[in-house]
Structure formats: C-alpha cells, structure tokens
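Undergrad: What follows is a single structure, and I will ask about it in a moment.
The values are calculated or read from the model by the stated rules, or taken from the named source; none is laboratory data. Only a predicted model underlies this, so the values are computations on that prediction, with no experimental measurement involved. With ideal geometry, Cβ positions are generated from the backbone for all residues, glycine too; neighbour counts draw on all protein chains shown. Protein only, heavy atoms only, side chains kept; ligands, DNA and RNA dropped before computing areas. Shrake-Rupley method; radii C 1.70, N 1.55, O 1.52, S 1.80 Å.
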Amino acid sequence: GKFDAIQSSMTVTDARSKQIDFTDRLYAGPTAIVTRKDSTLQPTAESLKGKTLGFMQGTIQETYARAKLAPGGVQLRAYQNQDQVYADLVYGRLDASIQDKLQAQMSFLASPQGADFKNSEGISDPLIPSQIAIGLRKDNDELKAMLNGAIKALHDKGIYAQIQRKYFGDLDLYNN
C-alpha cells in the first residue's frame, strides 16, 4: 500500500498479474543476447551449448535461461546488476549476455565499451514476454482507467510518436 503505481520497465507476466494489475501496454521490450560482433552465436540452447551466459538476478531473463537454456548445456552466471554482466562480457569471462534488447541497444551497445558487440534478434517465448506496462494495486479501477486514458491520448494525439522519434529515431518501441 505504499505506492499507487510502479513504472520501471515492468514486464507483464502471468505471475505478476496474479499479484498486481497492469495498464495498457506502454511499449514492447523483447529479450535478446549480446555477443561480440564476430560471433555466430544465436539465442538458442543448441548454439549456446557449452558457452557461458550472463544475466542480472531476478529478471525474466534469468527465469528463461534457467528453464530453457541450462538444460541444453548452457553455463549460467548470475549478477547483481547489469553493469557487472557487461564488464564480464567485455573482459571475455562471458560468451554472451541475455537482457532486454532495448536496454542493451540504448546503453551498452551505444557506449564505447560496447562498440565490438551486437544484439541478436528478439527471442519469442512465453517465459520472456515483451509487453511493458505500469503496475497497479489490484482493483484500483479508477487509477487504471485514468492511466489507460492518458496512454490512449498520447497515441491519439501523436505525442507518443513524436517522443519516440525524438529520443529513439526509427526504433519502434511500441510494436518492437
């Protein structure tokens, strides 16, 4: 009861939906792996077998990696924050990292230390949904309707598209 809403790139998952409600989608945030540009690794257990994959603890990417990649022979390494993941990727202690594709694109890959790395295609799997929304207390229908109305107005008036172009260029955040 301390907060009315949570807006922190929160992915809508079935487990979270049992605890809290969500607004309409704010944007799509698919998951991808980051590898060196010269790597041929793909975001599959077959491709990553015997390789070491890093991720931030407590994320949907951790859940996915433990359920889908580890059984296929992928070595997993958990970190307390994403900067630690990227540091080990740069220093060669990881073969790949798994995280939100947009986060990697807008931070690590846009930085000098990320110049030799690339994102994979987005991964499509029910364990790593890509819908991002605002989290709300269950049954707060009035606040949910108000926030959904504001989100709709941003789209209807073209404001969402203007902000997206200004800060993200041609990157389509809503349908990504």
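Undergrad: Using a 1.4 Å probe on the protein chains only, how many percent of the accessible area of the chain belongs to carbon and sulfur?
TA: 49 percent
Undergrad: Excluding ligands, DNA and RNA, what is the solvent-accessible area per residue of the chain at a probe of 1.4 Å, expressed in Å²? Don't skip to the end; give the middle numbers.
TA: Working: 10080 Å² over 176 residues.
Per-residue accessible area for the chain comes out at 57 Å².
Undergrad: Beyond 23 Å, how much of the Cα-Cα pair distribution for the chain remains, as a whole percent?
TA: Tail of the P(r) past 23 Å holds 46 percent of the pairs.
Undergrad: Sorting check: for 112-121, 93-102, which peptide has the highest mean count of neighbouring beta carbons within 10 Å, and how do the rest follow?
TA: 93-102, 112-121
Undergrad: How big, on average over all directions, is the shadow cast by the Cα convex hull of segment 66-122, in nm²?
TA: 4.2 nm²
Undergrad: Another question, then. To check you understand DSSP bridge types, tell me what percent of the beta bridges within segment 32-171 (both residues inside) are antiparallel, rounded to 5.
TA: Roughly 45 percent of the DSSP beta bridges within segment 32-171 come out antiparallel.
Undergrad: Let me have the relative contact order for segment 43-176, percent, based on Cα pairs under 8 Å that are six or more residues apart.
TA: RCO, segment 43-176: 20 percent.
Undergrad: Still on this structure: So if I place +1 on the C-beta of Lys and Arg and -1 on the C-beta of Asp and Glu, and nothing else carries charge, what would the dipole magnitude of segment 98-176 be about its Cα centre? I want it in debye, nearest 20.
TA: Here segment 98-176 has a charge dipole of around 240 debye.
Undergrad: Could you give the Stokes-Einstein D for segment 33-110 in µm² per second, using the C-alpha Kirkwood radius, 25 °C, 0.890 mPa s?
TA: After rounding, the answer is 200 µm²/s.
Undergrad: So, one more: What are the ³J(HN,Hα) values, in whole Hz, obtained from phi via the Karplus relation 6.51 cos²θ - 1.76 cosθ + 1.60 with θ = phi - 60°, for each residue of segment 51-58 in sequence order, with x given for Gly and Pro?
TA: Per residue, the Karplus-derived 3J(HN,Hα) values read 9, 9, 10, x, 7, 7, 4, x Hz.
Undergrad: To continue, here is another question. Counting Lys and Arg as +1 and Asp and Glu as -1, each charge on the Cβ, what is the dipole of the chain about the Cα centre in debye, to the nearest 20?
TA: Numbers: 21 positive and 20 negative charges, 37 e Å.
In debye, rounded to 20, the chain gives about 180.
Undergrad: Quick check on segment 95-176: what are the equivalent-ellipsoid semi-axes from the Cα gyration tensor, as sqrt(5λ), descending, whole Å?
TA: 29, 18, 11
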